[in-house]
1. Test D143 against the criterion of being within 19 Å of R230 (Cα to Cα), in contact (Cβ under 8 Å) with a residue 24 or more places away in the chain and out of contact with any Cys (no Cβ under 7 Å at 6 or more places or on another chain), and give yes or no.
2. Spot the failing condition for M139; the list is (1) under 27 Å from V73 (Cβ atoms); (2) assigned to a helix (DSSP H, G or I); (3) under 17 Å from the mean Cα position of the chain (by Cα), and only one is missed.
3. With the condition kept exactly as written, say whether any residue in the stretch 182-190 is crowded, with 21+ Cβ neighbours inside 10 Å and either within 19 Å of L54 (Cα to Cα) or over 19 Å from the mean Cα position of the chain (by Cα) (or both).
4. Can you tell me how many residues within the stretch 131-143 are open to solvent by 40 Å² or more (accessible area, probe 1.4 Å), over 19 Å from A173 (Cα atoms) and at pLDDT 90 or above?
5. Could you pull out the residue among D38, D13, D63, D83 that is under 18 Å from the mean Cα position of the chain (by Cα), at pLDDT 95 or above and of a type in the set (D, E)?
6. Any chance the stretch 93-103 includes a residue that's among the hydrophobic types (A, V, I, L, M, F, W, C), at pLDDT 90 or above and within 23 Å of L46 (Cβ to Cβ)?
7. Give the residue that is least open to solvent (accessible area, probe 1.4 Å), with candidates limited to residues of the stretch 34-59 that are charged (D, E, K, R) and over 20 Å from R148 (Cβ atoms).
8. Do any helices (runs of 4 or more DSSP H) entirely within the stretch 143-244 hold 2 or more residues that are farther than 30 Å from D63 by Cα and not hydrophobic (A, V, I, L, M, F, W, C), and if so, which?
Amino acid sequence: MPAASARRPRSYDPVKTRAAVLAQAAHVAEAVRALRPDQLSALSGLGTWTVAELVAHMATGVDGLRSGLVDPVPAAAEVALLDWAAGTASRAEGNARAARAAAAEQDPVERYTQATADFARLLADVPLDRVVAARAGAMTFTDFLVTRAVELVVHTDDLRRATGVDIPLDRQALAAVVRVLADALAAGAPGGSVEVRVPPYAVVQCVPGPRHTRGTPPNVVETDPLTWVRLAAGRTTWTEAVDGGHLTAGGERADISALLPVLS
């Protein structure tokens, strides 16, 4: 199977992506400051993590830019965006340990609030062509911003479901996340026999087999942006999405449940 980085990468506007990430981080900051102690101590729905530990994890993710702006600046990017997505499972255990430690060291709400403020100040001064020393390896600044969008959008949805708080999802951030997760699916199962549609943000073809070139594809999967994010991040199952009327799949090859989730 070809490496994810072998695919022609989609381009993202760094200015729009930076604005979207800042907006989503601010939405979360406003929400977490209003959480009650019982909400923070409740389970997040992510294994044994509490909501407080989830907030601490989000703070660590936002604060990643500070640790990534090291001197000397990495000479070149080592990790492409789709390779980052493909490697999330290998970092999951370390992320869990770090979240628990962070929640124990400092009040998670204070930590997230401070991290967001620092993040905004740092973003204002980072050159758009900068290479960032991310945990997964050196990345372009734009790719790093997209990874922060993924973290923020996925975990904002986790927070919404765990607390019942209606935290807004920035449209530009959601669009970027839908696209990168759709591209990650296509990179992991290259081919053209199934078309996956997530209107209005993404259409990709995947799965080995006969390639469709004209007319209505014989194998089509279609879902909405939030359901796609949940499927790709392992927050809902294929069966749940179909039974809930949030996903349609037509054609003998259209069941791509074995390829999900994209992130772990």
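The values are calculated or read from the model by the stated rules, or taken from the named source; none is laboratory data. Quantities reported herein were computed from a predicted structural model and do not represent experimental measurements. Note that we place each Cβ from the backbone using ideal geometry, even for glycine, and neighbour counts take in every protein chain shown. Each accessible area value is taken on the protein alone, full model and side chains, heavy atoms only, with ligands, DNA and RNA left out. Shrake-Rupley method; radii C 1.70, N 1.55, O 1.52, S 1.80 Å.
1. no
2. (2)
3. no
4. Final tally of qualifying residues: 0.
5. Answer to the check: D13.
6. no
7. Checking each candidate, the answer is D38.
8. 238-243
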